[in-house]
Structure formats: structure tokens, C-alpha cells
1. Which residue is least open to solvent (accessible area, probe 1.4 Å), if the candidates are limited to the stretch 61-103 and must be touching a residue at least 60 places away in the same chain (Cβ under 8 Å) and among the polar types (S, T, N, Q)?
2. Being more than 19 Å from V58 (Cβ to Cβ) and not in a strand (DSSP E or B) is true for just one of A474, A442. Which residue is that?
3. Mind telling me which of the residues R302, R337, R282, R276 ends up being more than 16 Å from the ligand (Cβ to nearest atom) and either among the aliphatic types (A, V, I, L, M) or buried (at least 20 other Cβ atoms within 10 Å of the Cβ) (or both)?
4. Return the residues of the stretch 212-228 that are touching a residue at least 60 places away in the same chain (Cβ under 8 Å) and either open to solvent by 20 Å² or more (accessible area, probe 1.4 Å) or within 16 Å of the ligand (Cβ to nearest atom) (or both); say none if nothing qualifies.
5. Looking at R240, is it within 16 Å of the ligand (Cβ to nearest atom), open to solvent by 40 Å² or more (accessible area, probe 1.4 Å) and without any contact (Cβ under 8 Å) to a residue 60 or more places away in the chain?
6. Return yes when F501 is in contact (Cβ under 8 Å) with a residue 24 or more places away in the chain, within 24 Å of L56 (Cα to Cα) and touching a strand residue (DSSP E or B) at 6+ places or on another chain (Cβ under 8 Å) and no when it is not.
7. Looking only at the stretch 410-420, which residues are within 13 Å of the ligand (Cβ to nearest atom) and assigned to a helix (DSSP H, G or I)?
8. Out of all the residues in the stretch 359-371, is one or more more than 30 Å from A314 (Cβ to Cβ), away from the ligand (no atom under 16 Å from the Cβ), within 23 Å of the chain's Cα centre (by Cα) and among the small types (G, A, S)?
Amino acid sequence: MVEDVPTYEDAQGKATPWWRSAVIYQVYPRSFADGNGDGTGDIAGLRGRLGHLAGLGVDALWLSPWYVSPLADGGYDVADYRDIDPAFGTLDEAEALIREAHSLGLRIVVDLVPNHCSEQHPWFQAALTAGPGSPERELFHFRTGRGEDGELPPNDWPSHFGGPAWSRTADGSWYLHMFAPEQPDWNWENPEVRAEFLSVLRFWLDLGVDGFRIDVTDHLVKEDGLPDAAGHHHRPHPWRDQEGVHEIYRSWRKVLDTYPDDRAFVAELWEQDPGRFARYLRPDELHTAFNFPLLRSPWDARSFREVINATLHAHALVGAPATWVLSNHDTTRHVTRYGRADTSYGFDRAARHGQPVDLALGTRRARAAALLMLALPGSAYVYQGDELGLWEVEDIPDHLRQDPTWLRSGGLDRGRDGCRVPLPWEGEERPFGFSPERASAAPWLDVQPDGWRELTVAAQAGDPASHLELYREALRLRRTLRGLGDGPMHWHASTPDVLDFTRPGAFRCVVNLGQEPTSLPTETTVLLASAELVDHALPPDAAVWLREH
Ligand code: NOJ
């Protein structure tokens, strides 16, 4: 039971479930706060900093994986779905965290990784030992190879992290892994796998979590026979968005709905076709899904308008609320993106890495983007450090890089470490309060830039011009203004470089993505602005929240 959680109301004053309007803060546990001084963020550190999150004004926390894991992919390689990795703490601490968060009005969403596990998972270890043809191997995708001696992978599927999606075992068989070799894919045709995940869902629901973020939601079911992907331009795609995946989520929804208090799912879904995307959000499937087109979009009014309209249209078809997100632990931080000549996000990180960045410009735009995102209909995500205006750390020495994409791509892709650098909390010296004083080890990724001295929570708190105070004020207003969160929006006619819309309750948001200041509508009062206004005009790369008279 969550106490003291604000109820959102629609324009008619009707309460709506929290997940339709929530602002959810993503915690990447390894890099959030280190409580025991071993250089790795942990539950103790997070519990110690819950006050920051409650004070920030978010409604819920999504925790990236904290399960037992060799951390071959930062915890997205799970060896035990029902326990916490000792590096992060214990199950008792996890329970205490859930309780404490609830008492502060913060809900907890945990990450569920159903497409693959860790090679250290006991079931995969048992499959390796049991050998070809065994029922243990049926839980995964084991095959014989092609070529005279089976020396070639069984099909042409590439791993998302580079190289083939197949690795060979000591007995000469191959197993499928859409990500790193340390992450074998589960075989979702097997009823034992299905039953196991229903039981894992119940385990965490019984412990009191309010929801699940589902990793690579659309990958679970593979096309029968695992055919080659070459020339496969028609749908369905052999490893993504297969029809059978929906049945799985219907069964999960049934379990979730037996629990009280509005528990919810959020799907990680990089599906670009809005119609296919919406199918996961049908009323008997998942509640919400990450809507990445805003994150991918360049800093361009026309593109933003198109993304917003397409998103709202697709969600309306199934009655689901939209979600908005600007950054996460897989993508280049948006302060950096918006400071480059090419402001869009793409997975061709190798080509984008190291392009010149104007951090002041990126920061200005990030402030404006925050006000835009928090004014849009639906729920929104804040990735840890967004509220501080952190930028991507691009100059990590190669020998410190840890992301498997870096190694698997042969050093072409610099990977995702740059957005996972430990948070700066306070003080003049690195690690800026990430670890306690007299810690026994340096942070696991010891590359905080000197410039983050000015961006610590302590340095920004109380300064009305800071990034942090902008977020705090925006979130405070969002909680008090009826009409933000879920609900309708209405565009006003504007010049092409300006976004101008109202929400119920005489709320208006204007964003200037052009080169010239734009005058604001008369008969309005300023509630909050991302930059200083001159004569009721909004400068370029800025946003404002207004109340209409
Ligand atoms: C998506 C997660 O966000 C990412 O960090 C991870 O590497 C892949 N899924 C594989 O689990």
C-alpha cells in the first residue's frame, strides 16, 4: 500500500491511475550512490538518498536490474531473478527500500529481463552439463551448426552487441544470444520458462513492487525454425514483434490484475511503427511502453510536432497513456545530443561519438526539453542525472570502458558507459559524494569530469537558476496543476519553429526552437520559464509555462 501519493485528476476532477500521469525516475543502481564505500552504487546508498528523490517531486522509481549477476551487461544478465546481487545489498534491504519509498509516497518499478538470463544462471549451467538433446537444453535455443563439421552458426542472425548471435559450446553445439554471449536467450516455447516467469512476477509483487519495466519486450518469441534474416524485409520479423509475444503479456496481465493497488507494466519497445507499438498496449496487455521517437528526434519543431501527434494518435487507438523520455542508460545524454550539429539520436554511436559539442547550448535546450516533456499528456521518465543537467562523458580512457558493446564491436562503438558515470552529490573533490568519505575503493567507473563540481546536488540546491531547481519547480507545479499528466492537449497556430499548446486548466506551454525571440501570448502569466524572458518574449532554445487569464 502506498501512502501519501498525490492523486492525479483529469479535467473533470476524476482520479486516474497513477501510471497514466506519473513522473518516474530511473535509478541505475551501480551509479546512483555508494553506501558501503566499495565504489559500486548500492541499495544502502539509494536508501540514504531517497530524500533527494522525494524532494525532487517524482512519483515513482524504476530500478535497473539489481539481481544476482556477473554484470557482463551491467546487470541485464541475471543469474537469479529472486535475489539481489551482493554488490547491491540483500533482499532484506530491498524490502526495506520498498517500504521506505512507499512511506515517502514513491512507488517502485523493478526491471524484468525475460528475453535472456546470465550464462551463470543455474538452468543454463545445467543445460551445458546435460548435453545435446536433453530437456535442460530445451529451455534455451541450442542448435547444431552449419558447414561440414557444424563449424558455422545455425543462422545469420547478428547480436545487437556485434558479431553473430550464436556461440559454440565445448561439445560443439551452438546457443542463441541476441545480446552478449553471456546472455543466452530463453526459449519461450517451453512451458517451464513461461511458468517460471509468472512465478518471478508473483515473487516481486508479493514483496510489494508497484510495477515492472520489461526489457526488450518484443524479442521473446522467435520465428519457428529460426530462419535466416537475410532478405527478410516483410513482417513478421524473425526475432522481433512476433505475434506469439502478445499471448505472453496477456497471461502476465492476468496475474498482475489479481493484485490490489494499480500495479503496472512499462514495456521497453523500440518499435517504430506506431500501429504495431500500440498493439502491446491493448487493454488486456501492457499498461504503458517507452515511447522513444521523442528521444530520437532532432531539436526541430516540425519533428517534435510530428512525433507528439503520431504518439498521441497511436495511443488513443488503444486508450493507453503516452510516455515521454529524453535519456536513459542506453543512450547519449541529451545535454550532449542537443549541443551537437546533429541533434538526433541514433544507434550509430560510432559515427556520432566525439563530434563537437556546445554544452551551454545543449544545457539550454535540455532545460527547455524538460518543460516540454513534463507538459505533454501522459507520464514521463527522468533518467538519474537529467535533473542535474549532466552531460555524456565522452573522453573515457579506453581501458576503463566496461560496456560489452565496446568490446564486441572491436572498439568501433564506444558504448554506453558515458551516460552511466556515477552521480555527483556534493563536495569539491571527486567522487563528489558518490561514495562515503574514506571509501575502500574508487568508483567502478572513475571518470567524473571536474566540471561536475558545479553540478552536484548540493551546489545546485537553492539556486533558482539551476537545472535542479527548474526540475523541482516543474515537478511541484505538475503535481498542483490539474490538467497536466494524462488528458487532452490543444495546439495553437504558431510560426513553424515554435510549439504552442494548451492543457486543461488554462495551462499553456510555448517552446521556441527557432533562431529569434518569439513574443508570448498576451493575457498570460508566467508560471515557469527555462530561460530569462525579455519583454514577455521567449528567447531561442527556451520554453515557458503560462497561465491563461
Ligand atoms: C535493454 C537494456 O536497456 C540494455 O541496457 C541491455 O543491454 C539490453 N536490453 C539487453 O538486456
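The values are calculated or read from the model by the stated rules, or taken from the named source; none is laboratory data. Keep in mind the model is a prediction, meaning the values are calculated, not measured. Heads up, the Cβs are rebuilt from the backbone with ideal geometry, glycines too, and the neighbour counts pull from every protein chain shown. To get the accessible areas, we keep the full protein, side chains included, count just its heavy atoms, and leave off ligands, DNA and RNA. Shrake-Rupley method; radii C 1.70, N 1.55, O 1.52, S 1.80 Å.
1. S64
2. Working: A474 fails: more than 19 Å from V58 (Cβ to Cβ).
Within the list A474, A442, the selection yields A442.
3. R337
4. F212, R213, I214, D215, V216, T217, D218, H219, L220, K222, P227, D228, listed by residue number.
5. Criteria met by R240.
6. Values: in contact (Cβ under 8 Å) with a residue 24 or more places away in the chain: yes; within 24 Å of L56 (Cα to Cα): no; touching a strand residue (DSSP E or B) at 6+ places or on another chain (Cβ under 8 Å): yes.
No, not satisfied.
7. D417, C419
8. No: zero hits.
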